[in-house]
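Colleague: Sharing a structure below in structure tokens format, with a few things to ask.
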């Protein structure tokens, strides 16, 4: 399973750990993904969505 949001496409990014002495070591930033079940056209779908997309869907459902 890829670490990518199925709504917005947010995925893994690469960067550096930077210590107080400015030493740099490679690291990865992973998206905050959650498995969410949504109903679309009376069909249940299980999606992997990032936290921000999950919040947007909840706001749209209650609006």
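Colleague: For the stretch 13-62, restrict the atom set to alpha-carbon positions and state the Rg and Dmax in Å.
Modeller: In Å, with Rg to one decimal and Dmax whole: 17.5, 56.
Colleague: Hey, what angle do you get for helix 51-62 against the long axis of the chain, alpha-carbon based, 0 to 90 degrees rounded to 10?
Modeller: 20 degrees
No value in this document is a laboratory result; all are computed from the given coordinates. Quantities reported herein were computed from a predicted structural model and do not represent experimental measurements.
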